[in-house]
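K.L.:
Submitted below is the structure of interest, expressed as structure tokens.
Nothing in this text is a laboratory measurement; each read-out follows from the coordinates by a stated rule. Computed from a prediction, not measured in an experiment: that's the story for all the values here. Ideal geometry is used to build each Cβ from the backbone, glycine not excepted, and the neighbour counts take in all protein chains shown.
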Amino acid sequence: MPQKNPEQPDSSNASVLSQHLIEQIAAKGPMPFAEFMAAAASHYYAAHEPFGVEGDFVTAPEVSQMFGEMIGAWLTDLWLQLGRPEKVKLIELGPGRGTLAADIMRTLSNWTEFSNAVTLHLVETSPSLRQKQAETLRNYRPTWYDSLDEVPEGFNFIIANEFFDALPVHQFKKSNGVWMERYVTYDKATNHFNWTLKPPAFDIEDVMPPDFIDAAEGSIFEVSPASLSVLEEMCDRIASFGGAGLIIDYGHKKTGLGDTVQALKHHKYSDALQDPGEKDITAHVDFGALKAVAEQQVQVHKAVTQGEFLTRLGITQRAETLREEANDEQRKGIEQALFRLIAPSEMGTLFKVMGLSPYQNTITPSGFGDDITKEETDEVIHD
Ligand code: SAH
């Protein structure tokens, strides 16, 4: 059998989704970009296992076990601060290959009382990733759900690493002095999906900070109602049942202007509109918008950079311990992983961490505090 060229999209799958989108556009007219992004992302995660060097991107838990160990330590500290509750739901949103959950559960096993209290709940829509998670996490008997609101009630710790960036955004563009919404259309002659503008389906004042209403011609603004609705559910659970939340993702601390949508295939950027479902399509997470919504219900531990967070939790010391037991090659790997996770030029600054806890508990989750690094990318981003 001829070998499939990995650079070529899987045409059978790609064409099924493309064809579906083309038909939708033909029947109903141009489609809001958010709808296009949702269809592309859902198809992508259902059909691919995108993580790692062979895939399209590498996430922090896939870089090193140290990432999950730090989160495990963060959770243990909180569990102690919260009076050692006897039943804890550990809920992960979008667990990918299950690596983070496995590293957390392994770390928790240092505290038998805590690990005995924990049950694992995974919110995952992709059937193929669910299967992968079942293999990775078979010792921990997880339960799966399509959405957070299906998880049974109870004290919960909710973790989301690189989950919110996969949720769809609406994009608005200032054109001829008015804010328009970016839609996707299809051009039969070139066989390309293209951008077009239509009047927004939203009341723009409802979704945009007042400062941006008069932004310059050509400015782009993004909003992710899908993210805000998951966040509201997260906060509701934390406020009602107790516990805490941790959101880790790449993005900006303050709401800004700019086009942050990107598509990655084999670690390279490519056109977000072509070959939908064949590449990882994401947008920067607007931590400013998340904070504004979350603080209506819970205490928000303001976003800090991943580098600061992991350093405060002791990742450098952990790397040192691992290095002591390692051979030369492993030592090099540990150093590279540490650099990847915390260096400003790598994931250290672009990635942010935000914490959530109930207003009624005066707890201090570790890792948060005043900024050490100044953010250089408030106004994003890349066109
Ligand atoms: N947290 C993992 C994977 C990040 S990729 C890691 O850090 O490695 C995004 C994950 O979210 C995938 O598991 C994907 O299938 C899942 N996902 C994307 N959109 C989702 C949705 N709307 N509901 C539930 N899971 C979703």
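K.L.:
Determine the sum of side-chain charges near His192: Lys and Arg each +1, Asp and Glu each -1, restricted to other residues whose C-beta is under 14 angstrom from that of His192.
P.N.:
With Lys, Arg at +1 and Asp, Glu at -1, the neighbours total -2.
K.L.:
Still on this structure, I have one more. Ordered by residue, what ³J(HN,Hα) values in Hz, to whole numbers, does the range 151-165 give under the Karplus form 6.51 cos²θ - 1.76 cosθ + 1.60, where θ = phi - 60° and Gly and Pro are x?
P.N.:
Those phi angles translate into 5, x, 5, x, 3, 9, 9, 10, 10, 9, 10, 6, 9, 5, 5 Hz.
K.L.:
Tell me whether the range 172-292 comes out rounded, prolate or oblate; compute the Cα gyration tensor, take square roots of the eigenvalues as a ≥ b ≥ c, and use a/c under 1.5 as the rounded threshold.
P.N.:
Judged from the Cα gyration tensor, the range 172-292 comes out oblate (a/c at least 1.5, b/c at or above a/b).
K.L.:
Using label points projected 7 Å from each Cα along Cα→Cβ, tell me how many nm separate Glu153 and Ser240, to one decimal.
P.N.:
Roughly 0.7 nm, to one decimal.
K.L.:
Suppose R0 equals 56 Å; then what is the FRET efficiency for Asn116 and Lys28 from their Cβ-Cβ distance, rounded to the nearest 0.05?
P.N.:
For Asn116 and Lys28, the calculated efficiency is 0.60.
K.L.:
Still on this structure, please answer the following. Give me the one-decimal nm value for the distance between modelled label points at Thr125 and Arg84, 7 Å along each residue's Cα-to-Cβ direction.
P.N.:
For Thr125 paired with Arg84, the spin-label model returns 4.1 nm.
K.L.:
To continue, here is another question. If each DSSP helix of 4+ residues adds -39,500 (n - 2.57) and the sum is divided by the residues in the chain, what number results at 222 nm, nearest 500 deg cm²/dmol?
P.N.:
-11000 deg cm²/dmol
K.L.:
Round to a whole angstrom and tell me the spacing of the C-alpha centers of the range 267-297 and the range 167-214.
P.N.:
16 Å
K.L.:
What is the gain in length, in nm to one decimal, between Asp214 and Arg106 on full extension, counting 0.36 nm per residue of separation less the C-alpha to C-alpha distance?
P.N.:
Here the answer is 33.7 nm.
K.L.:
On full extension of the chain, what length is gained from Asp77 through His20, given 0.36 nm per residue of separation minus the C-alpha to C-alpha distance?
P.N.:
This chain segment gains 15.7 nm when fully extended.
K.L.:
So which residue, out of Thr107, Thr305, Thr321, gets the largest mean-square fluctuation from a GNM of the chain using Cα contacts under 10 Å as springs?
P.N.:
Thr321
K.L.:
When Lys and Arg each count +1 and Asp and Glu each count -1, what net charge do the other residues less than 14 Å away from Gly154, Cβ to Cβ, add up to?
P.N.:
On the way: positive: Lys87, Lys89, Arg237; negative: Glu86, Asp149, Glu150, Glu153, Asp236.
My count for the surroundings of Gly154 gives -2.
K.L.:
Please give me the summed charge of the neighbours of Arg323: other residues whose Cβ is under 9 Å from its Cβ, Lys and Arg +1, Asp and Glu -1. Before the final figure, lay out each step's value.
P.N.:
Details: positive: Arg331; negative: Glu320, Glu324, Glu325, Glu335.
Every neighbour counted, the sum reads -3.
K.L.:
Now for a separate question. Using r as the Cβ-Cβ distance of Val178 and Ser229, and R0 as 22 Å, what FRET efficiency do you calculate, to the nearest 0.05? The partial results should precede the final answer.
P.N.:
Working: r = 27 Å, r/R0 = 1.23.
Efficiency, rounded to the nearest 0.05: 0.20.
K.L.:
Here's another thing I want to ask about it. Output the relative contact order of the range 174-316, whole-number percent, from Cα pairs under 8 angstrom with separation of 6+ residues.
P.N.:
20 percent
K.L.:
Follow-up. Working from Cα positions, state the angle (0 to 90°, nearest 10) between the long axis of helix 225-241 and the longest principal axis of the chain.
P.N.:
Orientation of helix 225-241: about 30 degrees from the principal axis.
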